[in-house]
Amino acid sequence: MTISVLDRNRAADAAHDLGDLHDAAAQVDDELLPCRTNNAELWFAETPADVEHAKSLCQGCPVQAMCLDGALERREPWGVWGGELFLQGVVIPRKRPRGRPRKNQNEVAA
């Protein structure tokens, strides 16, 4: 699995906790916040297609950058935050389906 850390340039005083995110979201019409107008479970979906759908919905969100910055600072354990997929506190490019074949078919399970 390829794991990458998304490095964002931000000022030390720009820390975004969940309270800050909720305060900012409260200033925006709920219809513009995809995580409030869609099923919340979509942002913690198991299927790669649902995860990609959640990520695409985040692209037009007015608080996307704040959501992503906060998730990076908090090292969110999992889910889609700010249009990125988190697993164990780091951003991963995409979710692979369960039961996927090995990259090298000659590998033997240990």
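Details
- For the range 17-92, alpha-carbon Rg and Dmax in angstrom: 11.5, 32
- Computed from label points 7 Å out along Cα-Cβ, the spacing between ASP23 and ARG75 is 2.5 nm.
- Between the beta carbons of ALA65 and LYS103, assuming R0 = 25 Å, the FRET efficiency works out to 0.15 to the nearest 0.05.
- Sorting 45-55, 25-35, 66-76 by their mean Cβ neighbour count within 10 Å, with the most densely packed peptide first, gives 66-76, 45-55, 25-35.
Since every read-out is calculated from the coordinates, none of them should be taken as a lab result. Since we're looking at a predicted model, the values are computed, not measured. Note that we place each Cβ from the backbone using ideal geometry, even for glycine, and neighbour counts take in every protein chain shown.
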